[in-house]
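Following: one structure in structure tokens, then a few remarks.
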């Protein structure tokens, strides 16, 4: 039997049983479609995170004051320690050849007021490098001047939302406002940009690091952001930094590191697990569809008993009969797969249209997996009934008997 | 027709096509199992997390310095508008307030003799143990000293005690944090983790000492435990008013446990719903299965239908019979699906009682109701088709 013969033989069956064919296709399509859609949410989240991190520059290492010896715990996120990490500590590691840029961060909440309006906000004390490392773009005016690295300069860069709340439509540049007990001149306003890694920068302000020491009356740095020259230098740089800090801190390297890589890999491992679990759950529906395929193929074999008898009587082999029924099941499955994929891709396209900031992307492996899982299940579940058809006794079957 | 007859007829019809019914039921049962297992997991997780958060009691409000709400980060940062020990003391004097726990967290090296360990340091008040339901294993918790001038006592978490002292007695010994000396007056019982912080690898010292140690003037949080006789709204208003009177403005953030739990519960309910939704995809396919098989069945039984019409069955009776058959199939599927889940659930409960799996009889009822609805929906089109058949044509049909 040629392939065309199989095709000619099976096609009328599908046409005759239109609603059955349609329903089976629908069942498979639902399964395939849900696997693809659900896994693409995970893939979308991955792209989203990647993009967020890409805006941070590539090789970021964050130094936190404090250290914990608890196994597997979170790093000491609250930057409170008996021995402060200071600007001088940062200067001491500045000469390391693997470091490209560094920015200290003092972070605190304080009252910012202009005229009769005031607002409680997070103020970051840092240096011009901060803008480069966090990839912050200025909307109006300019970023902190170079002198802000070493001296108190009474200038401030506002987040876009903060500017809006303090000044409204009014011009903000070169106005004087109060931060805590000190007066600062507005030097720039940041470009509108969404939340970045949990920090809403629209609602913050940046002042020179020395000024922040004054405002908050403490030399303790909250973080040091380090941008490395290239990848794979983290470990080496960490060791060098630990050594230098230990020399300055009476032999104690009381700092912790968070690297972009470790953050990303933690994110990804969670994300991969969630995606896999969700995909597997969606895959259960494929199994249910598989059971349906089996059921319908059994029915089909029973209904076409006489036909099978005839086929065998005129010389069709076991293999050929089996192939007919498995082939029919696979054809139906393929129709379901194609339908499911089309609907899924269309839905994703629509989702991207309406919701561009969260790029729902179908991942290649999910498409391949959904397709192959559906086909394998179609084959597996039609095998038993097809086998039954193949082993029918031609004479009894011709008579329509068991 | 009596309902017993109808019942027997539907049952006989199912039994006549044993394999077909069985496969349909299996498909549907898998769908039901997916839904009920996932909702059990979702509900279990919800209860587990809520329990994590309510373990410290429920009449709590937390006050953080700063008016900005950024994931409670506000408290960790330095601030020019501190929440001081005086504030805690003032709140303590309110009649409706039972306990006040000033909190300042930090990190540092704790030394005892030749051993040392970098770990978390919790600056708290004497009522922390009672308020947070921490249990002392040896000695006692920090004594009820004046908040402003406490003695230099410390209480060790169980793990920290072992790390520093091994099996030796720790009570009465001295530990150093930076340049300060503390006398160990108690060791806590193991408590486990809370939100990523190991509560056993921790040292408790008086809040005032911690502020000094970390060179801060602001607490990170004040936890207020209030009496059961006032409502959350009342105490929230009272606390706000008291602090505003003192500070001159609202430069702090009050988070009630109720509000926090409510928003947490909202998120968790969504997660649970999403989990059940995921499972219901399989159920949907199961429904399609019933529909497919049932429409095949009806088309195969045209002669039977014709005969029944001929001996006087009305169209409505026929429709109801076929609906009953679909319903029966779905219900059996539903019950076996639930049984499929029940078994591993019970096993899990026996083997790992702490695993968060909730298991509600309500789910069984819901599952059955859902099965019935799906069965009816899947059965309605084929049943109507059957009822509409002209008796003569159906009888003649091959």
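All of the numbers you see were taken from the coordinates with simple rules; none came from a lab. Keep in mind it's a predicted model, so treat the numbers as computed, not measured. Neighbour counts run over all protein chains shown; Cβ positions are idealised from the backbone, glycine included.
Per-structure values
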| item | result |
| --- | --- |
| Dimensionless Rg ratio for the stretch A:1-158, taking C-alpha atoms and the 2.2 N^0.38 Å reference | 1.98 |
| Rh (Kirkwood; distinct C-alpha pairs) - the stretch A:126-243, Å | 15.5 |
| DSSP bridge orientation in chain A - percent antiparallel, rounded to nearest 5 | 80 |
| Cβ-based exposure ranking for B:227, B:289, in which fewest neighbours within 10 Å come first | B:227, B:289 |
| Rounded to 10°, Cα long-axis angle of helix A:364-390 versus longest principal axis of chain A | 20 |
| Sites residue B:174 and residue B:93 - FRET efficiency at Förster radius 35 Å, r taken between beta-carbons, to 0.05 | 0.55 |
| Segments A:45-51, A:240-246, B:38-44 sorted - mean Cβ within 10 Å per residue, highest first | B:38-44, A:240-246, A:45-51 |
| The stretch B:99-159 - Rg and Dmax from Cα coordinates, angstrom | 12.3, 38 |
| Calculated FRET efficiency for the pair residue B:148/residue B:266, C-beta based, R₀ 41 Å, to 0.05 | 0.50 |
| Helix-only CD estimate at 222 nm, as mean residue ellipticity for chain B, using -39500 (n - 2.57) per DSSP H run (n ≥ 4) | -18500 deg cm²/dmol |
| Nearest-ten-degree value, helix A:3-16 long axis tilted from longest Cα axis of chain A | 90 |
| Listed residues A:213, A:238, A:171, most fluctuating in chain A (Gaussian network, C-alpha, under 10 Å) | A:171 |
| The protein assembly as shown - share of DSSP beta bridges that are antiparallel (%, nearest 5) | 80 |
| Long-range tail of P(r) for chain B (Cα pairs > 26 Å, %) | 66 |
| Pairwise centroid distance, computed over Cα atoms, of the stretch B:242-272 with the stretch B:1-25, Å | 58 |
| Cα-projected label distance for residue B:246 with residue B:189, points at 7 Å along beta-carbon direction, nm | 3.3 |
| Binned Cα-Cα distance frequencies in the stretch A:208-349 - 5 Å width, integer % | 2, 6, 9, 9, 9, 8, 7, 6, 6, 5, 5, 5, 5, 5, 4, 3, 3, 2, 1, 0 |
| P(r) tail fraction, the stretch A:103-186 - alpha-carbon pairs more than 16 Å apart, % | 51 |
| Debye-sum result for the protein assembly as shown in log10 I(q)/I(0), which assumes one identical scatterer on each alpha carbon, at q = 0.05, 0.10, 0.11 Å⁻¹ | -0.42, -1.07, -1.20 |
| 20 °C / 1.002 mPa s Stokes-Einstein diffusion coefficient of the stretch A:273-376, Kirkwood radius on C-alpha pairs, µm²/s | 131 |
| On Cα atoms only, tilt of B:18-54 relative to the major axis of chain B in degrees | 20 |
| FRET efficiency for residue B:376 and residue A:191, using Cβ-Cβ distance with R0 set to 60 Å, rounded to 0.05 | 0.55 |
| Translational diffusion of chain A, µm² s⁻¹ [Kirkwood Rh, Cα pairs; Stokes-Einstein; 25 °C; 0.890 mPa s] | 93 |
| Debye intensity ratio in log₁₀ form over the Cα atoms of the stretch A:316-357, taken at each q of 0.17, 0.24, 0.25 Å⁻¹ | -0.58, -0.77, -0.79 |
| Relative compactness, the stretch B:263-392, computed as alpha-carbon Rg over 2.2 N^0.38 Å | 1.40 |
| Inter-site label distance for residue A:116 and residue A:138 at 7 Å from Cα along Cβ, in nm | 3.3 |
| Cα→Cβ-extended label distance, 7 Å offset, between residue B:115 and residue A:319, nm | 7.5 |
| Base-10 log of normalised Debye intensity for the stretch B:179-243 (one unit scatterer per alpha-carbon) at q = 0.13, 0.21, 0.23 Å⁻¹ | -0.64, -1.04, -1.06 |
| Relative pair counts by distance (%), Cα atoms of the stretch B:1-155, 5 Å bins | 1, 6, 9, 11, 13, 11, 7, 5, 4, 4, 4, 4, 4, 5, 5, 4, 2, 0, 0 |
| Value of [θ]222 nm, deg cm²/dmol, for chain A, DSSP H segments ≥ 4, -39500 (n - 2.57) each, nearest 500 | -18500 deg cm²/dmol |
| Spatial separation of Cα centroids for the stretch A:137-171 and the stretch A:197-272, in angstrom | 23 |
| For the stretch A:127-268, share of DSSP beta bridges that run antiparallel, in % to the nearest 5 | 70 |
| Prolate/oblate/rounded label for the stretch A:199-254 (Cα gyration tensor, a/c 1.5) | oblate |
| Fraction in percent of alpha-carbon pairs per bin - 5 Å, the stretch A:75-145 | 3, 11, 15, 21, 22, 14, 8, 4, 1, 0 |
